[in-house]
Amino acid sequence: MGVTTKPNRLEKIRTWRGSVPVWHQYTLGLAGERFFRELKDRGRLMASRCPRCGAAYLLPKLYCPACFVACEEWVEIKPRGVVDTFTVLHEGLEEEELKEPVVVAFVTFPGVKGGLVHRLGEVGRDGPAVGMEVEMVLRPERRGGLDDILYFRPVGK
Amino acid sequence: MGYKNRVAVLGAGLTKFMRRAQETGKELCFEAARMALDSAGLELKDMEAVVMSTAPDAFDGVHMKGEYLADGAGGFRRPYMRSYVGGGSGVFSVIHGWYHVASGHFDTCLVVAEEKMSPCMPHPQAAFNAIYDQFTERPLGVNLLWIFALEMNRYMQVHKIPLETISLVSVKNKKNGLDHPCAQAGIPGEYTVKDIMDSEVLVWPVHRLMVSPVTDAAAAVVLVSERVAKRMTDKPVWVEGVGWHLDSSYWTNRDLYYPKYVEYAARMAYRMAVITDPRKEIHLAEVYDPFAYKELHHMEGLLLADKGEAPRLLEKGVTQRDGDLPVCPSGGLMGVGNPIAAAGLMKVAEVFWQLRGEAGARQVSRPVKRGLAQAWGDLMQVGTVVVLGV
Ligand SMILES: [Zn+2]
C-alpha cells in the first residue's frame, strides 16, 4: 500500500487539488489601528504603557498580559534600536532562490518590552551583527502597515 | 463520582456581540476575561489555570488560534489549554474548566471563549464546506445550511410540525434579546410569525429569520473550588452536573429527527447532578438555538419534552420568560447573536446570572434554583451540557 503514496507514484492513483474556499479581511484591532495610523500619518513609533508595572509594549497592546489591566497611556519611541538577533534568507516561501539574500533582524528599543522583526538594509561590506545600532528608514508613501518601514539600517549610514 | 473539589462559578463577563468588531480576537478576550475577574473580585494572578474555547481557525483566519489568543485570555505564564468541539465548544469550555478544578489540581480556573467570524470571506459558510467529506459531499457545494435544512425537514415531517410553530422560536428569542445589553445590533426586535415566514428562503425550509447571524464576541467565567467559593461569596453557583457525548460524524447513518447524543450528554449531567425528573428539577434552560427548530429539537434531546412535544410547550407559552420552563431567556443565539464558542459560554453565563437573580430585565418570573446550558456542534454530532444550581 505504502508505495502508491510516494509522490512519484501519485499518477497511479486518483488525486485532485482542493482548498478551503475562504479568504480573510483582518482588522488591526484598537491598539494596532492607532499604532499604524501614527506610523502612516506622522512616521513615528508608539508604544502603550501598563499603568501597573510600567512596561511599554511595542507593538502596542491594549492590555498588559502580565497585570491584565488596560494600557491607556501611549509613549513615542525613538526609532533607533539594537539588533538582538538576525538571519539571512536565501530561499523564499516556495523554496525559490532569492535574487539577493534578505537580512531579517529582531530589533529592540531601550525601555521597551518586545520590539520589531524587520528587514535590515544598507548593511555594507561587514554585514549585519548582533548588537549593531540601527535606525528606521520610512517609505515616503505610506499605507498603514509594517511595510511603511522600508528597513532598518546601521546608524551613521 | 470520583472528584476532589466541588466547583462553583464565581463571576462572568461578556462583550457586546458585534457583526464586524474592530477589536482583534485577543482584545475581545481581554475585555470578557477582565469583566469576569472583576465580577468575581479576583485578579489574573489569582488564576491558577486558564482554558480557552474557540471554534475553527478558519473563521479568525489565524492558524493555531488558541495559541494566538492566549495572552488576551490571561493564558500568559500559566497552565493553559484550548478545547474545541465546534459549536459545542462554549459549553464544553466550562466542562474543561470544571475538570481542572474538580481534579484537585487547581483551586481557580479562568474560562474564556472567543469567536471572530467576520474576517472569514466571502462568508463563514464557505469554511463549513471543508468540514464535509472531500469526495461525497463537498463536490455538491454543501454548507451547514444544507444539513440543517435536511435535519429540520426530517424533524418537521416525523412530528408533523408546521413552519409557523418553528417560527415562534424566532419570535420568542428575538423578543427576549431586546433586553440583552450585549445583543448584536439589528437582531432582536418584535417580530410576528408572518415576518419570519415572509423572510427569504435560504435553503428550504430554512428562512433567513430562522438562522442566527455571524457574530464577533468573547465571553468568560471564573471557576473556583468550594474552598475559594466559600471565602469569596455568599451566593455560590455550583456546577452540579456536566455531560457530553459524540455520535458518528457520518450523519447519513443516524436518524436526524432526534439528537440521541444530546440525550446521552444530558443523562450524564443529570446523573451527576442526581436529577431524576428533569422536567421538574430543571427550572430554566439555555438550549442551543443556532437555528429556530434546534431549540425544539434539543429540548427533546434534553428530555425536557417528549419526542414531538416541544412545539406544543412552545405554543402554550411554557417556554416564555414567565412560563413554567423558560427556555433561552437571554434571547439565545437567535436573539443575541451567534459567535460560536462565545455563544455557548454566554448561555452558561446567563444561567449563572439567572440563578443569582442578577439577570435584570431578563430575569425569569418563577424562582429558579437549577438551570441548564446546552450546546451542540462539531460535525453536528456532539452534545455538551452543564447544569448549574444554588
Ligand atoms: Zn503590567
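Throughout, read-outs are computed from the coordinates displayed, never taken from laboratory work. This is a predicted model, so every value here is computed, not measured. All Cβ positions, glycine included, derive from the backbone under ideal geometry; neighbour counts span all protein chains shown.
Projected label points at A:LYS12 and B:LYS280, each 7 Å from Cα along the beta carbon direction, are separated by 6.9 nanometres. Placing pseudo-labels 7 Å out from each Cα toward the beta carbon at B:TYR250 and A:ARG42 gives an inter-label distance of 6.3 nm.
Can you figure out the FRET efficiency of B:ASP324 with B:LEU150, using R₀ = 25 Å and their beta-carbon distance, to the nearest 0.05? For B:ASP324 and B:LEU150, the calculated efficiency is 0.15. Compared with the dominant principal axis of the Cα atoms in chain A, helix A:29-42 is inclined by about 70°.
Averaged over the residues of peptide B:12-24, the number of Cβ atoms from other protein chains lying within 10 Å of each residue's Cβ is 2. Springs between Cα atoms under 10 Å define the GNM used for chain B, and in it the highest mean-square fluctuation of B:ALA266, B:ALA40, B:ALA343 occurs at B:ALA40.
As I understand it, the dipole of chain B uses +1 on the Cβ of Lys and Arg and -1 on the Cβ of Asp and Glu, about the Cα centre. Which of B:SER39, B:MET346, B:ALA217 lies farthest toward its positive end? Farthest towards the positive pole: B:SER39.
Per-peptide packing, taken as the mean over residues of other Cβ atoms within 10 Å, places A:142-148, B:272-278, B:304-310 in the sequence B:304-310, B:272-278, A:142-148 from highest down. Mean partner shielding of peptide A:55-62, defined as the number of other chain Cβ atoms within 10 Å of each residue Cβ, is 2.
Taking the charge dipole of chain B about its Cα centre, with +1 at Lys and Arg Cβ atoms and -1 at Asp and Glu Cβ atoms, the residue from B:LEU145, B:GLY308, B:PRO122 reaching farthest to the positive side is B:GLY308.
Once the chain from A:THR85 to A:VAL117 is taken as fully extended at 0.36 nm per residue, the excess over their C-alpha distance is 10.6 nm. When the charge dipole of segment A:27-154 is built from unit charges on Cβ atoms (+1 for Lys and Arg, -1 for Asp and Glu) and taken about the Cα centre, the candidate among A:LEU45, A:VAL102, A:VAL82 whose Cα reaches farthest toward its positive end is A:LEU45. Each label was represented as a point 7 Å from its Cα along the Cα-to-Cβ direction; for A:VAL137 and B:ARG78 these points are 4.6 nm apart.
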